[in-house]
Amino acid sequence: MKWILELYPLAWRRRYREEMLALLEQHHVTWRTVVDLLLGALVARFDSHFKAESEPDPTARALRVRRAYGTIFLAFPLLVMGHLLVLDGLDDVFYHWNREHSILWKFKAVSGAITAVGFGALFMTGLWLAFILAKQAAQARGTSLVLPLGSLVVAMVLYGVHARVPSAISRLFPLFIAASPLPLAFAVSRRVIPPRLLCYALAPAALAVLGMAAQVSFVAVWGFAIWGVSPEAVQRMANEANRPLLPGSLWHLQLSGGLLWMALMTGTAAWRFGHVLMGFRRDTTREAEAS
Amino acid sequence: MPNSGRYSDPGLLILSSLAAGPKHGYAMMEDILVFSDTRLEPGTLYGAITRLERRGWIEPLPSEERRRPYRITGEGLRALQEQLQTMRQILTVGLSRLAEA
């Protein structure tokens with residue numbers, strides 16, 4: 001039961017943890033107790049009294065959010081690499097088969113929509129924060145205008161480079177990647193944005209990580225579905241679609257490797273984002289010492 | 001008699017329990033169960049303890065082997081008296097109207 005108490009705010013734990021543990025040792029714990037404690041943790045999290053006392057050092061929090069965004073910023077392109085490695089051309093191969101098994105297409109549509117919404121939200125958040133930076137820079141006559149404008153220039157360049165990619169979605173992702181997290185990451189590292197405003201950026205980050213997880217889940221479902229089909233039938237479909245797969249079991253290896261790669265990237269991003277949400281004491285201590 | 005549900009506020013139950021003397025959390029839960037047939041779970045109990053402590057109606061005493069007793073304060077006794085008097089008034093009116101119905 002100790003793990004449930006870790007969900008309570010830091011100030012609450014400092015005050016009540018030991019006596020609560022002593023009570024739980026005597027109490028007959030049931031599912032009602034677990035639910036009650038979870039609800040209690042949720043209520044305590046929204047309690048302004050504990051929130052004020054638990055407010056971490058702004059520097060530590062800003063660094064934690066920067067690391068989370070930096071991880072998502074790096075993990076997503078790498079995740080896309082795995083996605084392309086695994087699924088590149090397989091859509092064509094399975095076109096006719098997928099028409100009879102529409103559930104996979106529906107799942108792909110849902111997971112793709114979640115990813116698009118997540119990174120769209122991240123993009124809008126990045127634009128908003130870039131506007132704040134630009135406004136502050138204009139008022140202070142400083143040079144931080146370089147940061148948001150520079151990130152937008154990078155985004156445009158990447159967009160131009162990737163515009164030759166035929167897939168419509170691929171044209172948008174570089175824009176999202178460069179334009180959205182960069183202003184936030186730089187702003188957080190320079191602490192020009194009040195940490196309390198960073199909470200508005202957590203929801204888009206959560207959506208982005210959720211979208212990545214949805215993509216990994218889709219590939220896992222699709223991968224196992226492909227595995228269940230006869231390898232000979234798969235090769236025949238590939239030949240008919242004029243998109244030959246890797247010979248023998250090498251394409252199984254391609255599928256597994258791509259899936260593992262995507263899961264690793266998503267897991268890393270989710271773990272780092274989890275640190276932001278849970279405010280792990282260990283992370284706060286290390287970053288406070290580093291700063 | 002069938003169980004008609006709980007009508008009790010955790011804070012009121014805790015104040016009533018502490019009116020008989022200081023207690024730690026588990027002792028409060030057991031006492032409340034006896035006099036009101038209401039089983040408070042630990043999360044609810046400490047949520048109410050937090051609110052009562054913040055209002056100054058109860059105060060903590062030094063811990064005894066990780067268990068911390070609480071006692072009701074003067075303000076807490078006045079608040080408990082007011083609430084129980086209001087409930088008595090409701091009880092009187094309710095019973096008289098039931099008799100007339």
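Quick rundown of the values:
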quantity: Single residue of segment A:239-291 satisfying the filter (of a type in the set (Val, Ile, Thr) and at pLDDT 80 or above) that is least open to solvent (accessible area, probe 1.4 Å); calculated: A:Thr266
quantity: Residue list for segment A:13-34, restricted to those being open to solvent by 30 Å² or more (accessible area, probe 1.4 Å), in a helix (DSSP H, G or I) and more than 8 Å from every other protein chain (Cβ to nearest Cβ); calculated: A:Arg14, A:Arg15, A:Arg17, A:Glu25, A:Trp31, A:Val34
quantity: Some residue of segment A:204-223 being open to solvent by less than 50 Å² (accessible area, probe 1.4 Å), aromatic (Phe, Trp, Tyr) and at pLDDT 65 or above; calculated: yes
quantity: Single residue of B:Tyr70, B:Tyr26, B:Tyr46 found to be touching a strand residue (DSSP E or B) at 6+ places or on another chain (Cβ under 6 Å) and among the hydroxyl-bearing types (Ser, Thr, Tyr); calculated: B:Tyr70
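The values are calculated or read from the model by the stated rules, or taken from the named source; none is laboratory data. Keep in mind that this is a model prediction, so the values were computed, not measured. Virtual Cβ from ideal backbone geometry, glycine too; neighbours counted across all protein chains shown. The accessibility values were calculated without ligands, DNA or RNA, using every heavy atom of the protein model including side chains. Shrake-Rupley method; radii C 1.70, N 1.55, O 1.52, S 1.80 Å.
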